[in-house]
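The values are calculated or read from the model by the stated rules, or taken from the named source; none is laboratory data. Everything numeric here is computed off the predicted structure, so don't read it as measured data. Cβ placement follows ideal geometry from the backbone for every residue including glycine, while neighbour counts extend to all protein chains displayed.
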Amino acid sequence: MNDKHLRFIDLFAGIGGFRLGFEKVGCECVFSAEIDEHACEMYELNFGDNPKCDITQLEPKDIPDFDILCAGFPCQAFSICGKQKGFYDKTRGTLFFDICRILDEKKPKAFMLENVFNLEKHDSGKTLTVMLSALSGLGYTVVYKVLNARDFGVPQNRERIVIIGNRDGYVFDYSKLKINTIDSMKQFLDESGEFEILGYETYTLLDEKEIKKQPKSGLIFCGYRNKRKRTVGVRPGTEHLSRVHKQPNRIYDANGTHPTLASQESSGRYFIKNDDVVRKLTMNECFRFMGFPEDYKKVGRNASLYARIGNSICVNMVASVASEIVNQFFSGGISMSKETIFLEEMYNEAEKIKNIDNIGLDCSQVRMVKTIVDKEETFKGVFTVLLTSLVYKCLYPEQDVRKHQANMSGGYSGRSFDTKYVTPFMKQKRFLGAMKESGWLTRSLEQNLPYTLDFPGKIQNKEVKNAFLNILNDIEEKNANPQKYVLAIMSYSIKCKNDKSVILVNPIEKETTITIDEIMTLLNKHFYFNYKSRGASILPVVALYSVYQCIVEELKRFEGKSLDKLASHNSCDKSSGETGDIVVRKSEDNTIYEVVEVKFDIPIDSIMIDDAYKKISEKPVQRYYLLSTVSIDENEKSAIDKTINKIREEHGCQIIVNGIFPTIKYYLRLIDNTDLFIERYVKNLNENTEINFEHKIAWNEICNEK
């Protein structure tokens, strides 16, 4: 196919950074979508097309046919997962889902997506894992890399993650991108114009000996504006540094590069020192630092223009990537190694396997695979070395892969093979056991001895060591099929990764409100789900804590009060020093004001009330709630009332005994917006380290039933 006829679509188009880059290499834009009014105005002014479109309302079938999808989409945490389409459905309710919808319907050969570099770590890496799995599930071979704009001919240190997919099984080779690293702003600056120059008295320059060029970014921090020093939350002796905590207060030397132009910086407070002058960047310089052409037309207030350019994409970077997409995917310019092809084929097949018991390994072999993968994150070296050895055995069956060093008689360099092929592949696919460099750098595995059953390396876990050595022995001494092992390890690893990337469902849909009765039903089902593991007793505590987060903000009784962080549910009050599960304090003197203690399936009795009194007898507690999921034993009611009255007379504290469900329901009636309770419950479930995956999965299942 002639590259001049390649057609692309421009989603989340902004002011056309993607379009300019792809048009540079001869591609034709056949559809654009953007929702911001000002961005649409600039886009139409420069390209003649009005891209005004709400992508969430777009029907993919109405889009013209195209070859490449481009999107610089907003980053959102995923909230809703469905029942049928796995990770693809987990993106529902986000703008990324709309990209998936279009790819699923139109099936273009390739796509290029761009986002902030921190996407790699967003939500502990779960967000990117969901995205890559969703795209892979749609039939694409997907790779990603963090690229820096300064490597593509502009003087801006701007790191962005670029995700590229191909429908024909090709792996995009980032190493072929043409690099042109820039070290100085000088040649990109306006020589004349109306510069906004800072007065000498408004800034401080560093001494020459304090100024250093940062090797990775190319930045030269040389001074700061004389803004007020921060005193709160700053370590003693470092107050002078507080003025440079905020980017707009920093000054950078024009002999180096410029930091990232940010969309939030609507005032354009980008200050540089050029020769003896400290000034702001001009608007033209900002656009130039993003690779926009000199004749690009601008319209609107400066604040809007700063937001538009800060939210755009480096045109030069797009053009370089676009050129290689055309070359590698459409012009036959890619040559994939047999190693890469094999790894991709194995991974794609492994993704489709539902149960590794059906691969053809016997029970003991499956057990060894699970032993390795269950400890994948802890023993990354073992996992990597084993997978590398098995892959090499598949490709070169005559090699005894236990002889993992080239200096061994009949040996080979397992470390070189791993470094070149396996570890980069594992990092791209986000295996939990992926290492920075090579598994052979692990001290217990790098010894110059073959991996026979008597290998002396000190792998701490005996079960892991035995499984590792016995799998290698199995393929070398008993002629076991290494490919079945590869499939089993990959498949089970993918399953474990997916389980650990459970995204909690938020059942609140757009423009709807969940009722209090529906909330109570959800909570009841969640507390009493048929769990296989223990620990469900923490769920009522988290629910009540979420309620308190709402009422402390809204009810007058809690003015001047603060809510303690939720204490460990696994520690007894005596060892943890807590008076109960939930604690409210007076802000003025930090004394305890109100306490809640929760019992799961344990009826309240007078002994519990006595125990509670011992914990608060010397504290000015006004109310102490003892709440249980079960009702009070009627035979205990008289003794309970007597004990409560005694405490009231001696101490003054009100002891309130009640059921958990009636209490939650009562407080929900007092909250202005019950959706806020659900949001906080989901957030607390997600962030509390004592909530296990089974509780999260149960919540998703219950919400999906709803």
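Some notes on this structure:
- Output for region 451-466, where each listed residue is charged (D, E, K, R) and surrounded by fewer than 14 Cβ atoms within 10 Å (Cβ to Cβ): ASP454, LYS458, LYS462
- Single residue of region 146-165 satisfying the filter (surrounded by fewer than 22 Cβ atoms within 10 Å (Cβ to Cβ) and over 23 Å from the mean Cα position of the chain (by Cα)) that is nearest to LEU189 (Cα to Cα): GLY153
- Screening THR371, THR378 for residues that are over 30 Å from LEU69 (Cα atoms) and either hydrophobic (A, V, I, L, M, F, W, C) or assigned to a loop (DSSP other than H, G, I, E, B) (or both) leaves exactly one candidate, THR378.
- Among residues of region 34-50, those that are surrounded by fewer than 20 Cβ atoms within 10 Å (Cβ to Cβ) and either more than 15 Å from GLY72 (Cα to Cα) or modelled with pLDDT of 95 or more (or both), counted: 10
- Residue within region 90-97 that is under 27 Å from GLY169 (Cβ atoms), crowded, with 19+ Cβ neighbours inside 10 Å, charged (D, E, K, R) and modelled with pLDDT under 90 present: yes
- Inter-residue pairs, beta-carbon under 9 Å, first assigned by TED's automatic domain parsing to the domain that holds ILE602 and modelled with pLDDT of 90 or more and in region 615-628, second polar (S, T, N, Q) and not in a strand (DSSP E or B), 6+ apart: VAL621/THR579; VAL621/THR591; TYR624/THR579; TYR625/THR663; LEU627/THR663
- Selection within region 174-199: residues that are more than 21 Å from ILE313 (Cβ to Cβ) and touching a helix residue (DSSP H, G or I) at 6+ places or on another chain (Cβ under 7 Å). The member of this set that is surrounded by the fewest Cβ atoms within 10 Å (Cβ to Cβ) is ASP190.
- When restricted to residues that are surrounded by 15 or more Cβ atoms within 10 Å (Cβ to Cβ), among the hydroxyl-bearing types (Ser, Thr, Tyr) and farther than 26 Å from CYS27 by Cβ, region 292-339 contains 2.
- 2 or more residues of a type outside the set (Val, Ile, Thr) and over 18 Å from LEU555 (Cβ atoms): qualifying helices (runs of 4 or more DSSP H) within region 635-706: 637-650, 674-687, 693-705
For (1) surrounded by fewer than 17 Cβ atoms within 10 Å (Cβ to Cβ); (2) over 23 Å from the mean Cα position of the chain (by Cα), each residue gets a yes or a no:
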residue	(1), (2)
SER617	yes, yes
TYR624	no, yes
LEU627	no, yes
LYS646	yes, yes
LEU668	no, yes
THR674	no, yes
LYS683	yes, no
ILE691	no, no
GLU701	yes, no
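- Selection status of GLU28, acidic (Asp, Glu), surrounded by fewer than 24 Cβ atoms within 10 Å (Cβ to Cβ) and free of Cβ contacts under 8 Å to residues at least 12 places away in the same chain: no
- In region 100-117, the residues that are within 27 Å of CYS314 (Cβ to Cβ) reach residues that are of a type in the set (S, T, N, Q) with C-beta atoms within less than 6 angstrom, at least six apart or across chains, in these pairs: CYS100/THR91; ALA110/ASN166.
- Qualifying residue in region 541-560 (condition: among the acidic types (Asp, Glu), modelled with pLDDT of 95 or more, surrounded by fewer than 19 Cβ atoms within 10 Å (Cβ to Cβ) and more than 19 Å from LYS683 (Cβ to Cβ)): no
- Scanning region 665-706 for residues that are among the hydroxyl-bearing types (Ser, Thr, Tyr) and touching a residue at least 24 places away in the same chain (Cβ under 8 Å) yields TYR667, THR674, TYR681.
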